[in-house]
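One structure is given below, encoded as structure tokens.
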Amino acid sequence: MESSVEGHGAELKSFVALLRAKAVPQGMVAKTDVDRLWDRHVVDSLRALPCLPDTPATILDVGSGAGLPGIPLAIARPDCRLTLIESRSRRAAFLELVVDELRLPNVRVVLARAEASGCIGKIAVARALATPDKAWQICRSLLEPEGFVLYFAGRAWAGRPPSALSKIEAKVEICGKPLFPWQGPIVKMTWSEEQLQSS
């Protein structure tokens, strides 16, 4: 992750400037985070990098909001195609601005609810989207057959999947550890054998 930050530091800092100038005043990011945008949002987003394949992949940022984690991942992995799915027009407009300002040719913005977006990808990332079970239900229909979800869990995850997640029979594993006390792990969710056989 450090090499990705070093190699793309200027672009990432430009994104932070846009968050501060546009996203915070419009309520897309909490005002209390204005002085900690780098750690709480950019570095947090980049924790997903070790969970990504080494080869190019199609990544969907579901409920992208202010472009987190999609924009930092797109900057750090220009070989990957990122689709930012956002259902609220004002936030989608901000995402379009970011893509234009930072000149990110590997990013597109889709204004739609995830279920109606028509998007399909290898990886779906879910940060501040929903509870684990709900996030899986939303994202699983967007996945390619061998795809998976990267879920940014809260600090209450406690090292094991909630019972609600077990009920839907998704396979889960921790693929990214917390860096700060306020974070939870990044959880990789994949289809269980039972789901694959019934699909």
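The values are calculated or read from the model by the stated rules, or taken from the named source; none is laboratory data. Bear in mind that the values here come from a model prediction, so they are computed numbers and not experimental data. Cβ coordinates were reconstructed from backbone atoms using ideal geometry, including for glycine residues, and neighbour counts include every protein chain displayed.
Could you check, for the range 84-103, whether at least one of its residues is under 24 Å from Gln183 (Cβ atoms), charged (D, E, K, R) and not in a loop (DSSP other than H, G, I, E, B)?
yes
Quick check, is Ala93 under 23 Å from Val16 (Cβ atoms) and free of Cβ contacts under 8 Å to residues at least 12 places away in the same chain? Let's see the steps before the verdict.
Numbers: under 23 Å from Val16 (Cβ atoms): yes; free of Cβ contacts under 8 Å to residues at least 12 places away in the same chain: yes.
Yes; evaluated as a whole, the condition is true for this residue.
When you look at Pro56, is it in a loop (DSSP other than H, G, I, E, B) and under 22 Å from Leu150 (Cα atoms), yes or no?
Numbers: in a loop (DSSP other than H, G, I, E, B): yes; under 22 Å from Leu150 (Cα atoms): yes.
Taking the combined requirement at face value, the residue satisfies it.
Anything in the range 71-80 that is free of Cβ contacts under 8 Å to residues at least 40 places away in the same chain and touching a helix residue (DSSP H, G or I) at 6+ places or on another chain (Cβ under 9 Å)? List them, or say none.
The answer is Ala74, Cys80.
Let me spell it out: the conditions are (1) closer than 15 Å to Asn106 by Cα; (2) without any contact (Cβ under 8 Å) to a residue 12 or more places away in the chain; (3) of a type in the set (D, E, K, R), and Asp35 meets all of them except one. Which number is the exception?
(1)
Search the range 163-184 for residues that are among the basic types (Lys, Arg) and pair each with any residue that is at pLDDT below 85 when their beta-carbon atoms are under 6 Å apart and the residues are at least 6 apart or on different chains.
Within 6 Å, the pairs are Lys171/Ser192.
Could you please tell me which pairs satisfy a Cβ distance under 8 Å, a separation of 6+ or placement on different chains, a first residue in the range 40-64 that is farther than 12 Å from Val125 by Cα, and a second residue that is surrounded by 17 or more Cβ atoms within 10 Å (Cβ to Cβ) and of a type in the set (D, E, K, R)?
From the range 40-64, the pairs are Asp44/Arg127; Pro53/Lys122; Pro56/Arg81; Ala57/Arg81; Ala57/Lys122.
Among the residues of the range 132-149, write down those that are assigned to a helix (DSSP H, G or I) and either of a type in the set (A, V, I, L, M, F, W, C) or buried (at least 21 other Cβ atoms within 10 Å of the Cβ) (or both). Outline the logic, then answer.
Step one: filter the range 132-149 for residues assigned to a helix (DSSP H, G or I), giving 132-142.
Matches in the range 132-149: Pro132, Ala135, Trp136, Ile138, Cys139, Leu142.
Listed here are the residues, each with its yes/no results for (1) surrounded by fewer than 15 Cβ atoms within 10 Å (Cβ to Cβ); (2) of a type in the set (A, V, I, L, M).
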{"position": "Phe15", "(1), (2)": "no, no"}
{"position": "Gly27", "(1), (2)": "yes, no"}
{"position": "Leu37", "(1), (2)": "no, yes"}
{"position": "Thr55", "(1), (2)": "yes, no"}
{"position": "Thr58", "(1), (2)": "no, no"}
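Looking only at the range 4-53, how many residues end up being out of contact with any helix residue (DSSP H, G or I) (no Cβ under 7 Å at 6 or more places or on another chain), under 23 Å from Met189 (Cβ atoms) and part of a loop (DSSP other than H, G, I, E, B)?
Qualifying residue count, the range 4-53: 3.
Condition first: touching a residue at least 24 places away in the same chain (Cβ under 8 Å) and not in a loop (DSSP other than H, G, I, E, B). Now tell me which residues in the range 104-117 satisfy that.
Those that are touching a residue at least 24 places away in the same chain (Cβ under 8 Å) and not in a loop (DSSP other than H, G, I, E, B): Val107, Arg108, Val109, Val110, Leu111, Ala114, Glu115.
Which residue, of Lys122, Lys134, is of a type in the set (Lys, Arg) and modelled with pLDDT of 95 or more? Break it down into steps so the answer makes sense when it comes.
Details: Lys134 fails: modelled with pLDDT of 95 or more.
From the options Lys122, Lys134, the qualifying one is Lys122.
Kindly indicate which of Asp44, Asp61 is at pLDDT 95 or above and among the charged types (D, E, K, R).
Asp61
Please specify each residue of the range 118-129 satisfying the condition of being in a loop (DSSP other than H, G, I, E, B) and at negative phi. Full working, then the answer.
Narrowing the range 118-129 to residues in a loop (DSSP other than H, G, I, E, B): 118-120, 127-129.
The answer is Cys119, Ile120, Arg127, Leu129.
Among all residue pairs at least 6 apart or on different chains, which show Cβ distances below 7 Å where the first residue, located in the range 15-32, is closer than 15 Å to Arg90 by Cβ and the second is surrounded by fewer than 17 Cβ atoms within 10 Å (Cβ to Cβ) and basic (Lys, Arg)?
Within 7 Å, the pairs are Val24/Lys31; Gln26/Arg90.
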